[in-house]
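Beneath this line is the structure, given in C-alpha cells, with notes to follow.
The values are calculated or read from the model by the stated rules, or taken from the named source; none is laboratory data. This one's a predicted model, so the numbers in the text were calculated from it and none came from an experiment. Positions of Cβ are generated from backbone atoms using ideal geometry, with glycine treated the same way; all protein chains shown enter the neighbour counts.
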Amino acid sequence: MMLHSPTVLEAAESAADPSPAPALEVSNLTVEFPTRRGVLTAIDDVSLRVEPGEILGVVGESGAGKSITGLAVLGLLEAPGRIAGGEIHVSGRRVDTLTEEELTKVRGREMGAIFQDPLTALNPLFSVGAQLVETIRLHTDLSREAARDRALHLLREVGIPAPEERLRQYPHQFSGGMRQRVVIALALAAEPELIIADEPTTALDVSIQAQITTLLRRLCKDHRTGIMLVTHDMGVIAETADRVVVMYAGRMVEMGRVEDVIHNAQHPYTKGLMSAIPSLHDRVDTLTQIDGSMPRLNSRPSGCAFNPRCPMAGPRCRRDRPNLVDAGPNRAACFLHEGGTQ
Amino acid sequence: MLAFLIKRSANAIFVMLSVSFIAFMIFRFVGDPVELMLNEQATQEQRDELRNRLGLDEPFIVQFGTFVSNAAQGDFGISFRNQQDVLGMIAERFPATFELVIVATLISLVAGIPMGVITAIRRQTWYAEAMQFTSIIGVSLPSFVVGIGLILIFSVWLGWMPAFGRGETVDIGWWSTGLLTHSGRMSIILPALSLSLFQITLVMRLVRAEMLEVLRSDFIKFARARGIPARAIHFRHALRNCLMPVVTMTAMQIGGLIAFALVTETVFQWPGMGLLFIQAVTFVDVPIMAAYLCIVALIFVLLNTLVDITYAMIDPRLRGAEK
Ligand SMILES: Nc1ncnc2c1ncn2[C@@H]1O[C@H](COP(=O)(O)OP(=O)(O)OP(=O)(O)O)[C@@H](O)[C@H]1O
Ligand code: SF4
Ligand SMILES: [Mg+2]
C-alpha cells in the first residue's frame, strides 16, 4: 500500500516506512463495568495513537485506567467489563469488533503483551523453549526445528546468555530480569506491530529496570514496533517514551512529547505528578504536592474529576467537563487552557 | 535425592512401627484368643499348650518384638478361626480388592477430570449446573445405598450384570485376575462403579476448584495475550497445573478406597480383603485383623512415597531440589 495520508507525513521519522497505518489507534474509547448499583465508566473517551517505532508512555496514579485501556486493546477485558464505545485499530485493522476466535489470531501475531510480574507470566510446568516454540509455531508455518532456531535467535536478541542451554530450562531457573527478557522474547515471537507493555519494570530491581527499558527501546527502534508503555513511574517514561499520555480517573488529562510534558506540563495534575519525581526536584516550582487521592470509580465528582484536589479549581470545574485542547506545546483537558473562566 | 530417600524411609518406618503397635495392642487386649479358639471342654493342658504355641505367655515387650520381626518377614501367624497362615489368606484375597480399587480409581479419574474441566470452563450452562447438582447427590448418598441401587437396576431389573461375586478368574502366578475373563469384567463393573461414585464427585469438585483458580493466574492471561487458543489454554496450560492436587488426592484416596471397599465388598459379596476383614471381626480373628491393619498402612505409606515421586515428574520445580 503506497497511499500516503497526511498523518504519516506528519510523523516525519516514519517517512521511510511505506506502511501508512499507525501501530495503534484508539478513538473515543469507553469501557464500562456494569454492576448491581449501576454502570461504572472506567475509561471515558480516550483517544490515542502509537506510530510504528514509537514508544507511547501512559502514566497516571493507581486506578487511573491505564491497565484497563491496555486490556481493552488486547481484547482481554474480563467480564463484566466491556467496550461501550469507540474504536480500536491495530495496524489499520479494527479489532474491537472481532469475535474471540478472530482475536486469538490477532493476539500474539499483530499485538503482543508484556505484563508486570515476570515471575508469574510464564507457565511453570513448561520449559522456556517449549513455550517459545509453541508461540512461534502458532503464528508461523515453521517446522519444529526452524521454530527452535527462531527461539534461540529470539533469546539471543533479548540478551539472554547461553541460549542453547536456557532453552531447556524452566521459568523457575531464571532470575526476575531474565524472566522478563523471556516474556519479551515471547511477545516478539511473531514480530507484532504493537506491544502493550503494562508496568514491565515495576516488579524488578532498580538496576535491572534500566536494562529492560533499554532493551525495549532498542527492540522498538530495530523492529519498528509500536509500544504502549504503561507505568506510574515518570522516571521510566522520561528515559524511554517518545510521547506521553497522562491519565486521571479514566480520562486523558494531558498528552504531548515527553520532554514537553516533563518540563512544560500544562495540566495542574501533571504538574503535581512531575513534582513527585525525585530527579526533577531541582526545579524551583516543584514543591507542590498533590493532596488527597484519586476518586474511586463509583464516586467520581461531577465536572473535572480532578477538581477536589486542584489548587486552581473554580466553579465551572465543578460543573462542566473539560476536553483536550491545545495547551502550550501539549494538549490538556483543563479550563485554564480553554480561554474562558474556570 | 539420597537424603530425600533416607528421610522418607525413616518416616515410613516410624509410621509402620506405630501402626504395628496399634495392631499389636488389639492383638493383646481384644478378648482371649485361647478362649475363642478352643471349645468349652478343652483341658487346662490343651489351653496352656496353645497359649505357649501362640507365644501368649511371653512378657509384653518380647511379644511386641516378636510380632514386629515376624510381621516384617510377612509372618502374621495363623488364623484363630481356621488355623491357616494369615499372610497366605490375605495374599489370596488381595488381588480382588486391588483390582476393584484400581478400576474404581480409573473410573473416577476418567469421569471426574473432564467433568471438573467442563463445570469450570462452561459455568452457567445448563449441563454444567446439572453436573454440579448431581455431584451433590453423589457425595451425600451412602455407598451401600448406591450399591444396592445398582444391583436392583442392573442385575435384578435389567439383568445385565451379576449381582455378586467376582466371576471367573485366571491365575497368573499367585495373582488371580478377573479382568481377563468376560464374566470377571462384567462382575467388576457394578462394585467398581459404586465404589467410585463418591470419588468421581471428589475429583470433579477438586478439578473444578483448581481450574477456576489456575484460570485466574497471570500465566493464563499471558498465554491468551500470546494468542494461544482456548482449547490449548484449558487442556494444555491450565489442566496440567491442576493435576498435582489431583494426583495427591487420588493416591491418598486409593488407601481410603481400600478401606471403603469393606462396604462395597460386603454388599457385592466381593471376595476381597475387606470381606475377609469383616468376617475376621465377626469371629474376633485377631491375627487377620492385625495383618489387615498393617498391610493397609503399608499401602498408605507406599502410596505417599509414590505421590512425592509423581510430583517431581509433573513439576520441574521439585525436580532439581538438591541443587
Ligand atoms: N472488574 C472490575 N470491576 C469494576 N471496576 C474495575 C474492574 N477492574 C478494574 N476496575 C476499575 O477500573 C479502574 C481502572 O483500573 P486499572 O487497573 O486500569 O488501573 P491502573 O491505572 O492500571 O492502576 P494501577 O497503577 O494500579 O495498575 C479502577 O478504578 C478499578 O477500580
Ligand atoms: S479543569 Fe479546573 S479543576 Fe480541572 S484541572 Fe483544570 S483548573 Fe483544575
Ligand atoms: Mg495497572
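B:ALA130 falls short on exactly one of the conditions (1) surrounded by 20 or more Cβ atoms within 10 Å (Cβ to Cβ); (2) at pLDDT 80 or above; (3) small (Gly, Ala, Ser), and that condition is (1).
For B:SER183, the conditions (1) surrounded by fewer than 20 Cβ atoms within 10 Å (Cβ to Cβ); (2) within 14 Å of another protein chain (Cβ to nearest Cβ); (3) not charged (D, E, K, R) are fulfilled apart from (2).
When the strands (runs of 3 or more DSSP E) confined to segment A:217-266 are screened for residues that are out of contact with any strand residue (DSSP E or B) (no Cβ under 8 Å at 6 or more places or on another chain) and within 16 Å of ligand 2 (Cβ to nearest atom), those reaching at least 1 such residues are found at A:243-248. Every test in (1) of a type in the set (A, V, I, L, M, F, W, C); (2) surrounded by 23 or more Cβ atoms within 10 Å (Cβ to Cβ); (3) closer than 21 Å to A:GLU78 by Cβ is passed by B:MET204 save one, and that test is (3). Looking across segment A:110-135, just one residue is of a type in the set (Val, Ile, Thr), out of contact with any Ser or Thr (no Cβ under 7 Å at 6 or more places or on another chain), in a helix (DSSP H, G or I) and facing chain B (nearest Cβ under 10 Å), and that is A:THR135. Contact map, segment A:129-143: first residue among the β-branched types (Val, Ile, Thr), second residue in a helix (DSSP H, G or I), Cβ cut-off under 7 Å, separation 6 or more or different chains; pairs are A:VAL133/A:ARG144; A:VAL133/A:ALA147; A:VAL133/A:ARG148; A:VAL133/A:ALA151; A:THR135/A:LEU186; A:ILE136/A:ALA147; A:ILE136/A:ARG150; A:ILE136/A:ALA151.
In the set B:LEU276, B:LEU202, B:LEU262, only one residue is in contact with a Leu (Cβ under 9 Å, 6 or more places away or on another chain), modelled with pLDDT under 90 and assigned to a helix (DSSP H, G or I); that residue is B:LEU262.
Based on what the data block shows, is A:ALA197 within 16 Å of ligand 3 (Cβ to nearest atom) and within 14 Å of chain B (Cβ to nearest Cβ)?
Judged against the criteria, A:ALA197 is a match.
Among the residues making up segment A:55-70, those that are more than 16 Å from ligand 2 (Cβ to nearest atom), small (Gly, Ala, Ser) and under 16 Å from A:ILE237 (Cα atoms) are A:GLY57, A:SER62, A:SER67.
Scanning segment A:109-123 for residues that are away from ligand 3 (no atom under 15 Å from the Cβ) and at pLDDT 90 or above returns A:ARG109, A:GLU110, A:MET111, A:GLY112, A:LEU122, A:ASN123.
Of everything in segment A:44-69 that is closer than 10 Å to A:MET247 by Cα and among the aliphatic types (A, V, I, L, M), the residue that is surrounded by the most Cβ atoms within 10 Å (Cβ to Cβ) is A:VAL58. The helices (runs of 4 or more DSSP H) found wholly in segment B:45-142 and carrying at least 3 residues that are under 25 Å from B:ILE189 (Cα atoms) occupy B:86-121, B:126-140. When A:ARG107 is evaluated against the numbered criteria (1) in contact with a Gly (Cβ under 6 Å, 6 or more places away or on another chain); (2) within 9 Å of chain B (Cβ to nearest Cβ); (3) farther than 23 Å from A:GLU193 by Cα, which criterion, by number, is the only one it fails? Of (1) in contact with a Gly (Cβ under 6 Å, 6 or more places away or on another chain); (2) within 9 Å of chain B (Cβ to nearest Cβ); (3) farther than 23 Å from A:GLU193 by Cα, only one is false for A:ARG107: (3). Within 12 Å of chain B (Cβ to nearest Cβ), over 30 Å from A:ALA146 (Cβ atoms) and modelled with pLDDT of 90 or more - does that describe any residue in segment A:73-87? Yes: one or more hits.
State which residue is farthest from A:ALA197 (Cα to Cα) when the search covers only segment A:88-104 and only residues that are within 14 Å of chain B (Cβ to nearest Cβ) and aliphatic (A, V, I, L, M).
A:LEU98
Out of A:PRO278, A:PRO301, A:PRO295, one residue alone is within 12 Å of ligand 2 (Cβ to nearest atom), of a type outside the set (Gly, Ala, Ser), out of contact with any Asp or Glu (no Cβ under 9 Å at 6 or more places or on another chain) and modelled with pLDDT under 90. It is A:PRO301.
Does B:ILE233 satisfy the criteria of being assigned to a helix (DSSP H, G or I), within 14 Å of another protein chain (Cβ to nearest Cβ) and either under 29 Å from B:MET313 (Cβ atoms) or in contact with a helix residue (DSSP H, G or I) (Cβ under 8 Å, 6 or more places away or on another chain) (or both)? Criteria met by B:ILE233. Of all residues in segment B:208-222, exactly one satisfies the criterion of being out of contact with any Leu (no Cβ under 8 Å at 6 or more places or on another chain), within 7 Å of chain A (Cβ to nearest Cβ) and part of a helix (DSSP H, G or I), namely B:ASP218. Among the numbered criteria (1) within 14 Å of chain A (Cβ to nearest Cβ); (2) aliphatic (A, V, I, L, M); (3) in a helix (DSSP H, G or I); (4) out of contact with any Cys (no Cβ under 9 Å at 6 or more places or on another chain), which single criterion is violated by B:ILE295? With (1) within 14 Å of chain A (Cβ to nearest Cβ); (2) aliphatic (A, V, I, L, M); (3) in a helix (DSSP H, G or I); (4) out of contact with any Cys (no Cβ under 9 Å at 6 or more places or on another chain) applied to B:ILE295, the lone miss is (1).
Look at segment A:291-305: where a residue is within 16 Å of ligand 3 (Cβ to nearest atom) and a partner is acidic (Asp, Glu) and modelled with pLDDT of 80 or more, sitting 6+ places away or on another chain with Cβ atoms under 6 Å, you get A:MET294/A:GLU61.
Whenever a residue of segment B:20-41 is within 23 Å of B:VAL301 (Cβ to Cβ) and surrounded by 12 or more Cβ atoms within 10 Å (Cβ to Cβ), its partners that are among the aromatic types (Phe, Trp, Tyr) and at pLDDT 70 or above, lying with C-beta atoms within less than 6 angstrom and at least six residues away or across chains, give the pairs B:PHE24/B:PHE64; B:PHE24/B:PHE67.
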